[in-house]
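Here's the structure, in C-alpha cells; my notes come after.
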Amino acid sequence: MNSYFGLRKTLPYETHFNSNNMLNIKEYNNSIILDLFDIFAYVFYADLNETKDEHSGLVVEIEISVENINTFLGKEYKFEELIHFAVGEEKWKIKFVKSEKEKKIVSNNPDTNTYIFNSISLLSAGLDSLSGACKEIGRNNKTLFVTYRNRAEGTKTGNNFSYLSEISNNKVIKHVEIHKDSEIPVNRYTQRTRSLLFLACALLYADYYGVKEIKIYENGIMSQNPSFDERRGVTKTTHPKTLYMFNEILHSVDVDIKAVNPYQFYTKGQVINEIPAEYRIIIKQTRTCSKSAGITHFAGLKEDKRNCGVCIACTLRKIGIKYFDLDDYDANYYFDDIQIANASSKRYMLHQEKSLKEYYMRFNKEIKSGRIFIYLEGIEEKYYSSTEYLHCLKEMLNQFSLELEKYYE
Ligand SMILES: [Zn+2]
C-alpha cells in the first residue's frame with residue numbers, strides 16, 4: 001500500500017513546505033532531510049488512512065520514495081523497529097523506492113539571512129509544549145517554534161503563540177506552521193505517529209539554521225505510558241527509547257541533529273506548575289485531549305470544549321492541576337457539560353473514567369511497592385540524558401504517587 005503517493009501526485013515535502021513556512025529560505029536542497037521528512041509523513045498518513053483496526057496484529061506495508069536510495073537501503077529495519085515501538089501495536093514493513101525527481105524546495109522568499117536561532121522547539125496546542133515555550137522565553141533563547149497543525153486543533157495553536165508573544169512583550173522570536181494535508185482521507189483517528197512527523201517537520205529548520213537539538217517538551221509520565229495489561233499495547237510516541245531510535249536513524253544517515261525532551265523526568269503536574277504566573281491564563285486555551293470529534297461519543301468536542309475530561313491524557317492533566325491547586329486556570333471539560341443529551345455517550349464516558357481510575361490506582365500501587373520498574377520499558381542508560389536516570393525516574397514516580405493520592409483521595 002502506498003496511500004500518500006497513490007492519492008497525491010506530489011511528494012509529502014512538496015505539499016507541506018511552501019513560501020508561508022520557509023522563512024527566509026529561498027532554496028533548500030538537502031535531500032537527506034527531505035527524504036527523512038517524506039518517510040515520516042508517509043508513515044503518519046498511512047496510519048490515518050489505514051482502514052484496518054489497529055489491534056488487528058497485521059503488518060502495515062508501505063512503499064516510500066526517497067532520492068537517496070543507497071543511503072536508505074538496508075536501514076528499513078531501523079524505521080520499522082522505531083515505528084513498531086512507538087505505536088505499541090502491529091508491525092510495519094517499509095520498502096524504499098528511488099524517487100523519480102530530485103528533491104528540493106524553491107520558495108519566493110528572499111535569502112536575506114535575517115534570522116538567527118539558537119534553539120528549536122516544537123509548539124503544539126498542548127500544555128507541556130506551552131510550559132516548554134515559557135522556559136524558552138524565560139531563558140531568552142532565540143527560539144524557532146515549529147507547529148504541525150491539523151484542522152481539529154482549529155486556530156488555537158496560533159492563538160497560544162499570539163498569547164505567548166503578547167505576554168512576553170514580543171520576546172518570542174519566530175513561529176512556523178506546517179499544515180496537515182487535508183487531501184488524505186482519515187479512516188482512523190490516531191495520533192500514534194504524529195510526534196515522529198512533528199520532529200521530522202523541524203529537521204529542515206534545524207539543518208538550515210545550524211541548531212543541533214530539536215526540543216520536544218513532554219512530561220515523563222505520559223512518555224513512559226506503562227501498561228499493566230499484557231493484552232493491550234500502548235503508544236510510546238515520546239518515550240526516551242523512541243527519541244533514541246529516532247536519533248540513531250539521524251546519526252546513521254550523517255545528520256548531526258538530536259531530538260531531546262527536557263521534561264523527561266517531570267510529572268505532568270510539575271510541567272504545568274513550571275508555567276510562570278503571568279502565562280497561566282493560557283492554560284485554558286490548551287488542548288490535552290487524545291479524543292477527536294470524529295470518534296463516536298466525542299462528537300461534541302469543539303473549540304470551547306476541546307478536552308473530554310475522561311481520556312488518559314485529560315485525566316493526567318486533571319491530576320496535575322489538582323495537586324498544584326491550579327483549578328482556577330483550567331479549561332472546562334466536555335464530560336462536565338450537563339448539556340450532553342446523548343445518554344449512551346455519557347455512560348461510555350463514565351465507564352472510561354472508572355477504568356482510568358482503576359489504571360491510575362494500579363499505577364500508584366506499583367510505585368509504592370517498588371514493582372513499577374517491571375512495567376516500564378526501555379530502562380537502559382543509553383536512552384536517557386543522565387547517568388542518574390534511575391534516581392530521576394524514582395523521584396518523578398514518587399512525586400506522581402503524591403499527585404495520584406491527592407486526586408483520588
Ligand atoms: Zn480527553
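What follows draws every value from the coordinates through simple rules; no lab data is involved. Just so it is clear, the model here is predicted, and its values are computed rather than measured. Note: ideal-geometry Cβ built from the backbone for every residue, glycine included; neighbour counts use all protein chains shown.
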For Glu388, what charge total do you get from the other residues with a beta carbon under 11 Å from its beta carbon, if Lys and Arg give +1 and Asp and Glu give -1?
-1
Sort Phe265, Phe17 so that the residue with the fewest other Cβ atoms within 10 Å of its own Cβ comes first and the one with the most comes last.
Phe17, Phe265
The chain: angle of helix 194-209 to the longest principal axis, Cα-based, in degrees nearest 10:
50
Mind listing P(r) for segment 84-210? All alpha-carbon pairs, 10 Å bins, whole percents.
10, 35, 34, 17, 4
DSSP beta bridges in the chain [antiparallel fraction, %, rounded to 5]
10
One computes Rg over Rh for the chain from alpha-carbon atoms, with the Kirkwood Rh, and obtains 0.95
As I understand it, the value is the acute angle between the Cα axis of helix 312-323 and the longest principal axis of the Cα atoms of the chain; what does it come to in degrees, rounded to 10?
60
Could you work out the helix-only [θ] at 222 nm for the chain, with each DSSP H run of four or more residues adding -39,500 (n - 2.57) and the total divided by the number of residues, to the nearest 500 deg cm²/dmol?
-13000 deg cm²/dmol
Once each part is reduced to its C-alpha centroid, what is the distance from segment 66-123 to segment 229-266 in angstrom?
15
Which of the listed residues, Leu34, Asn169, Ala331, is farthest toward the dipole's positive end in the chain, when Lys, Arg count +1 and Asp, Glu count -1 at the beta-carbon?
Ala331
What are the equivalent ellipsoid semi-axes of segment 207-355, built from the alpha-carbon gyration tensor (square roots of five times its eigenvalues), in whole angstrom, biggest first?
32, 20, 15
Using amide H atoms built in the peptide plane, which far-off residues or other-chain residues are under 5 Å from Ile64 H to H?
Lys95, Phe96, Val97
To test your reading of the geometry: what angle, between 0 and 90 degrees and rounded to tens, separates the Cα axis of helix 31-49 from the longest principal axis of the chain?
50
Which percent of Cα pairs goes in each bin when the distances of segment 283-407 are cut into 5 angstrom slices starting at zero?
2, 10, 17, 18, 17, 14, 11, 7, 3, 1, 0
Counting only residues 5 or more places away or on other chains, whose amide H sits under 5 Å from the amide H of Ala259 once H atoms are built in the peptide plane?
Ile214, Asn247
